[in-house]
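**Student:** Provided herewith is a single structure, encoded as structure tokens, for subsequent inquiry.
FYI, it's all coordinate maths here, none of it is from the lab. Since the model is a prediction, treat every value here as computed from it, not as a measurement. Counting neighbours? That spans all protein chains shown, and the Cβs are built from the backbone with ideal geometry, glycine included.
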Amino acid sequence: MVLGGTVVAGLAVVAVRDPNASGSYGYCPFKALTGWDCPFCGGLRGTYALLHGEVATALDHNVLVPFFLTGLVLLLWATWRGWRLAALTGRRAGRIMLGVTAAALVVFWVVRNLPGLEYLFSTA
């Protein structure tokens, strides 16, 4: 209940306070140090766009935003129902899913920073 309320409050803040304003939520430390996008760069701006019905803009900021938000909703739903990932999928399957998710994030992190794939860059 508290987790769900926290997420709803966080989404309400993002919906009201535009992350496109320079420095409104701070900066990504990885991008500030290296100039490269991390897997989550553009996530707040994408969430803001998605909350305002701008799907194409959300995908332009970070193509994984719909997946992040879907995963968050599923996690909140499972938590609300009192389920645990291991109970739903088995302990081994849960570890495999976690490993696959982590590997996919690392691959996306590398690929989105390759030259020639500018459409994956987080737009400012």
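**Student:** Please give me, ordered by residue number, the chymotrypsin sites (Phe, Trp or Tyr not before Pro) of the range 1-65 that lie in loop per DSSP and have at most 15 other Cβ atoms within 10 Å.
**Tutor:** Those satisfying the criteria are TYR25, TYR27, TRP36.
**Student:** Between VAL55 and ALA78, what length in nm is gained on full extension when 0.36 nm per residue of separation is reduced by their alpha carbon distance?
**Tutor:** That pair, VAL55 and ALA78, stretches by 5.7 nm at full extension.
**Student:** Please report the spacing between the Cα centers of the range 102-118 and the range 54-70 in Å, no decimals.
**Tutor:** Spelled out, the Cα-based centre of one part sits 15 Å from the other.
**Student:** What is the P(r) of the range 1-43, as percent of Cα-Cα pairs per 5 Å bin from 0?
**Tutor:** 5, 19, 20, 22, 17, 12, 5, 1
**Student:** Could you tell me the calculated FRET efficiency between VAL13 and ASN113, based on Cβ-Cβ distance and R0 = 35 angstrom, to the nearest 0.05?
**Tutor:** It comes to 0.75.
**Student:** Which FRET efficiency value, to the nearest 0.05, do you get for ALA32 and VAL100 by plugging their Cβ-Cβ distance into 1/(1 + (r/R0)^6) with R0 = 30 Å?
**Tutor:** E(calc), rounded to 0.05, equals 0.55.
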